[in-house]
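The values are calculated or read from the model by the stated rules, or taken from the named source; none is laboratory data. Every value quoted in this text rests on a predicted model; they were computed, and no experiment measured them. Glycine also receives a Cβ, built like all others from the backbone with ideal geometry; neighbour counts cover every protein chain displayed. Side chains included, ligands, DNA and RNA excluded: accessible areas come from the protein's heavy atoms. Shrake-Rupley method; radii C 1.70, N 1.55, O 1.52, S 1.80 Å.
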Amino acid sequence: MSKTVFRRVDITNLDSRDYEAINHVVNNSKNSSVFHTVEWNSLLIRRFRLPHITLLACVNGAVTGIYTFHRLQGGTYNSPAIHLQSAYGGPISLEDDPDTLMQLLQEAERVAPIAYFQLWTPPLVQELPVEQIGYAVEEMYTPIMRLDGSEEERFSRLHKDKRYKIRRAQKLGVTVEEAQKEDLPTYHNLVAETLIPAGVTPVPLDFLQAVLTELGPLGKARFFLAKFEQNVVSGTIILYHRDTAYGWDIGWRREFANLSPNDLLTWEVTERACKDGCKNFDLLRIEPDRLPGIAKWKATFGGDIVKCYLLRKATKGYRLIHPLKVLLTNPARVVRKIRSVFVRSAQS
């Protein structure tokens, strides 16, 4: 049996051979997503100067797997860069080979022995025996709309309230059009109005511009706006990978919420994705407990609710070193924790 060897590469500065080899893995893994592509990760890393590690698994010189993860403060390593609106990460391999995936996870621990790993997997990923190597597994969910069948069949899968809102928006004159980079400042302001009241910082405008500039010509990103009487009332940036479209970024003006522009916008975008040959539209996760309103809004598009996973592990080195680091850098926190333990013990 051929031995798997590992190499570390800079995904922002690949030679043509490694670039083609990584693309071959990304394009031939059922579990890969747009967030696993060279173009997406390279753009993120360059724009935000993200410390990162990319590992390649190789057999007889051929790349069979890839794993990119990002180093944050305090010894935490995330895959993907979830704080920058990357939804899915973790290792991927040719034919989704479980042995290669497990070996990449273990190689990551060898490269970063003092680490707290957090991985958000893509949907439909096969369950790996990661508990055996110390990972905690939490189920998560994402709605995926199937784009097969006729337009009438696709529309019938929507919740009846969603169908009513879409028809009403159309009758009231809301329209959807593909937008250009020149429209991004208006869209970014609209997204800020949506997110900032909820305590969420939108990604920078220049990053959105880079997404359209670099990924747009590759067919991996498109930008759409919904308008009503010359007012921009809603907008979205959609990402694409193989036969799947991803509802990546969205914003709207709350004063036009009664028009349901997001419902019409999402429906129109899925229809265009279908005409372009996409088979699925991923609405990028729901959190019913934390964000019930958004979860309900996504679920009423009639998609299949599919499992994905959050994997977490603190290495032995991290469990040993991290408490000492906290003690040296934040002794007050340690004192508070000890006091709380004594209080709970006294109360019990």
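When you count, for each residue, the other Cβ atoms within 10 Å and take the mean per peptide, how do 85-93, 122-130 rank with the highest first?
My ranking of the peptides, most packed first, is 85-93, 122-130.
What would the Debye equation give as log₁₀ I(q)/I(0) for segment 136-224 at q = 0.12 Å⁻¹, counting only Cα atoms as equal point scatterers?
-0.65
Can you tell me which lysines have their Cα less than 16 Å from the Cα of Lys316? Leave out same-chain residues fewer than eight positions away.
Once the sequence-local lysines are set aside, what remains near Lys316 is Lys325.
Setting aside same-chain residues fewer than 8 positions from Lys279, which lysines have a Cα under 26 Å from its Cα?
Lys30, Lys160, Lys162, Lys165, Lys220, Lys296, Lys298, Lys307
If we sort 198-210, 307-319 on the protection proxy, mean other Cβ atoms within 10 Å, highest first, what's the order?
Output ranking for 198-210, 307-319: 307-319, 198-210.
Show me, for segment 191-199, the HN-Hα J-couplings you get by feeding each phi into the Karplus relation (A = 6.51, B = -1.76, C = 1.60, θ = phi - 60°), rounded to Hz, glycine and proline as x.
With coefficients 6.51, -1.76 and 1.60, one gets 5, 4, 4, 6, 8, 4, x, 8, x Hz.
Pull up the cross-link candidates among the aspartates and glutamates for Lys275, meaning alpha carbon to alpha carbon under 16 Å and not fewer than 8 places away within one chain.
Cα-Cα hits under 16 Å: Asp148, Glu151, Glu152, Glu153, Glu177, Glu178, Asp243.
Please identify, among Pro98, Pro217, Pro261, the residue showing maximal mean-square fluctuation in a Gaussian network model of the chain using a 10 angstrom Cα cutoff.
Comparing Pro98, Pro217, Pro261 in the GNM, the peak value goes to Pro217.
Could you derive backbone 3J(HN,Hα) for segment 182-190 from the dihedral phi with the Karplus parameters 6.51, -1.76 and 1.60 (θ = phi - 60°), listing whole Hz in sequence and x where the residue is Gly or Pro?
5, 8, 5, x, 4, 5, 5, 4, 5
Whole-Hz ³J(HN,Hα) for each residue in segment 120-126, computed from phi via Karplus 6.51 cos²θ - 1.76 cosθ + 1.60 with θ = phi - 60°, x for glycine and proline: what do you get?
Each residue's phi maps through the Karplus curve to give 10, 7, x, x, 6, 5, 5 Hz.
So how compact is the chain: Cα radius of gyration and Dmax in angstrom?
Calculated on Cα positions, Rg and Dmax stand at 22.2, 67 Å.
Relative contact order of the chain, please, whole-number percent, based on alpha carbon pairs below 8 angstrom and at least 6 residues apart.
Computed over the chain, the figure is 20 percent.
From the helices alone, meaning DSSP H stretches of at least four residues, give me the mean residue ellipticity at 222 nm for the chain, per-run term -39500 (n - 2.57), in deg cm²/dmol to the nearest 500.
Counting only the DSSP helices, I get -11500 deg cm²/dmol.
Once ligands and nucleic acids are excluded and a 1.4 Å probe is used, how much of Trp248 is accessible, expressed in Å² to the nearest 10?
Accessible surface of Trp248 is approximately 20 Å².
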